[in-house]
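Below you'll find the structure, written out as structure tokens, and then a few comments.
The values are calculated or read from the model by the stated rules, or taken from the named source; none is laboratory data. What you see is a predicted model, and the numbers here were worked out from it, not measured in a lab. Cβ placement follows ideal geometry from the backbone for every residue including glycine, while neighbour counts extend to all protein chains displayed. Note: accessible area is taken over every heavy atom of the protein model, side chains too, but ligands, DNA and RNA are not part of it. Shrake-Rupley method; radii C 1.70, N 1.55, O 1.52, S 1.80 Å.
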Amino acid sequence: MDLLGALESLRRPLDRELFPLAIGEAAADRRALRELAGQLDDYLLPRLRAIDAPLLAVVGGSTGAGKSTLVNSLVGADVAEPGVLRPTTLVPTLVVNPADRDWFVGQNVLPGLSRGTGGPGGAGALRVVASDALGAGLALLDAPDIDSVVTANRELAAQLLAAADLWLFVTTAARYADEVPWSFLRSARERSTALAVVLDRIAPEAVEPVSRDLDRLLAENGLSGTRLFTVPEAALPDEKARLPEESVRPIVSWLTGLAADAAERSRVVRQTLSGALDSLDTRVPALATAVERQQAAFDGLRTIVTGAYAGGMADFDEGMRDGSLLRGEVLARWQDFIGTGDLMRSLESRVGWLRDRIVGFFTGRAPAAELKDALESGVESLIRGAADGAAERALEGWSAAPGGGGLLDRIGAVEAARLGRASPDLGKRAEAAVRGWQEFVLDLVREEGAEKRTTARIASFGVNGAGLLLMLAVFASTGGLTGIEVGIAGGTSVLSQKLLEAVFGDQAVRSLTTRAREDLRERVRVLLEEEAARFTVRLETVEPPRGTADALRAAAHAVRDRRTELPAPTAPTVELPAPDLGEEA
């Protein structure tokens, strides 16, 4: 893999949103992601693919600094659109030599912006104007204001500056100390971007003291030696007028010399390209660390869901143990035959008599289907209750967790409210699961009843009758019963277990009950996993791919290892060619 391939590998993980959760400095992280992807797309990749392509100089600066007027004056034609209304530069204008027009009209530089060669164009467009005033090999781009009141303009200005080989940064005598311009200039320093500063609209008598103060600020900000041009204040007949020729002659001379010197252009390109590559050593690891913060937040949200539905499973288990399911309709169907008066008194001594009564129950006196249906309905209600409780806990957990509230806001209040309850189709799925379990229990009874020692005994109950007794026994204590529990519901469990023991024996009953209980638990576990997926799928649709942070670090390491493939500039800073005419700066 060469340097270009390493940069392309770095670009690939940036194709999706990596910071969907509102945690930490997510807004700054998203901005850093956009800036990195933009610089790769707009500058690093195109420039590395064509290292000797024409040099791009971006004219940037604050509102009202006179950037467009300066560009028109440098070119000697009204190519940009200055005006009294702010912001004025809405669509950036790229001025090129006719020999370079095809290069810039194509998508070689700033591929995300459409091209236009006529009128001003619309948002997201780049207006390309050809002019013989610029030498071949150099283009000037008039950028929007870096401090524009329009957010899109500020972002576009930053994007264009990041795509430049050279900054021609314009400020004024009144605003050169403002913080916003200096934040950009420090960025140029950090990325070793080739830079020249134009101090515009300065009174002739203030040239020396203001230039000296600006030189001091440049030095304090690590930009000592930066070429500084001054443009005196001039009375213009209107906003579209151009500056006097003598005011901009030093800058024109400098640009002409730069365009004519291929070696110097190459040195500018390599300085800025090297600086941009060097900046990846800090920018990419910081981005990877931010991605890991996101991943930790996603893991936390997933843990909340896992815990909530584990709690739902625990609720179901408790519902099987506490006898609550054996009350209500199930108990009523049981009492239809047994009654409650002497049940407890006769249980220990009259199991045989009770078994005879139960045989009548299962062979016609009271249809077994009624008890089976009541039991099925009770288990379904228990499942729904567990699922409702789990959903409510998961929703509450997300609302309080880092990043969870923002994610729920993205989902919307109505959909979030639905998440806080079991899914509408859970009833049908639970019904199918319980019926599947009942069939499993009947198969267990058939399997156990096939042995000779139990064939005759089970025949008196029938498979359905013995199966229902086994289903009832499942809802007794998981540790087994050693005596008569207090309460009617407990007595129901005891009775079913005693009758089963009379048919199959103690050991077989314990084994059958355990197998029946575990099968039901597994079916419920699957249902609750499906319910939990309603939450986790919300994570999967926005979560960055696992390993993204490691992939970013590995790609940055590969870029660093292959930096030697890029010829280094011959000097740490570019010594821009001196103009033909001297200037006081």
**Prompt:** Which members of region 516-529 meet the condition of being more than 34 Å from the chain's Cα centre (by Cα) and loosely packed, with under 15 Cβ neighbours inside 10 Å?
**Reply:** E518
**Whichever residue in region 36-57 is touching a Lys or Arg at 6+ places or on another chain (Cβ under 8 Å) and outside any loop (DSSP other than H, G, I, E, B) and, among such residues, is nearest to S183 (Cα to Cα)** = L36
**Message:** Condition first: over 13 Å from the mean Cα position of the chain (by Cα) and part of a helix (DSSP H, G or I). Now tell me which residues in region 1-30 satisfy that.
**Reply:** L3, L4, G5, A6, L7, E8, S9, L10, R11, R12, A28
**Prompt:** Is it the case that region 58-72 has a residue that's of a type outside the set (G, A, S), within 24 Å of R249 (Cα to Cα) and assigned to a strand (DSSP E or B)?
**Reply:** yes
**Prompt:** How many residues, within region 530-567, are more than 30 Å from A401 (Cα to Cα), open to solvent by less than 80 Å² (accessible area, probe 1.4 Å) and either hydrophobic (A, V, I, L, M, F, W, C) or at pLDDT 95 or above (or both)?
**Reply:** 6
**Prompt:** Taking V414 and the conditions (1) under 14 Å from D315 (Cα atoms); (2) among the hydrophobic types (A, V, I, L, M, F, W, C); (3) surrounded by fewer than 16 Cβ atoms within 10 Å (Cβ to Cβ), which numbered condition does it fall short on, given that it satisfies the others?
**Reply:** (1)
**Prompt:** Quick check: anything in region 165-185 in contact with a helix residue (DSSP H, G or I) (Cβ under 6 Å, 6 or more places away or on another chain), among the polar types (S, T, N, Q) and open to solvent by 30 Å² or more (accessible area, probe 1.4 Å)?
**Reply:** no
**Item:** Matching entry among G412, G427, G420, G378 (being modelled with pLDDT of 85 or more and at positive phi)
**Value:** G412
**Request:** Answer yes if at least one residue in region 134-141 is small (G, A, S) and either crowded, with 22+ Cβ neighbours inside 10 Å or within 20 Å of G38 (Cα to Cα) (or both), and no otherwise.
**Result:** yes
**Item:** Inter-residue pairs, beta-carbon under 8 Å, first more than 11 Å from P402 (Cα to Cα) and in region 285-304, second open to solvent by 50 Å² or more (accessible area, probe 1.4 Å) and modelled with pLDDT under 95, 6+ apart
**Value:** A290/G24; A290/E25; Q295/R546
**Message:** I want to confirm something. Restricting to region 57-79 and keeping residues that are in contact with a helix residue (DSSP H, G or I) (Cβ under 8 Å, 6 or more places away or on another chain) and of a type in the set (A, V, I, L, M), which single residue is surrounded by the fewest Cβ atoms within 10 Å (Cβ to Cβ)?
**Reply:** V79
**Enumeration of residues in region 103-133 that are at pLDDT 85 or above, open to solvent by less than 40 Å² (accessible area, probe 1.4 Å) and out of contact with any helix residue (DSSP H, G or I) (no Cβ under 9 Å at 6 or more places or on another chain)** = F104, G106, R127
**Request:** Only residues in region 503-518 that are assigned to a helix (DSSP H, G or I) count as the first member; pair them with residues that are among the acidic types (D, E), Cβ under 7 angstrom, at least 6 apart or cross-chain, and list the lot.
**Result:** F504/E448; A508/E448; V509/E501; L512/E448
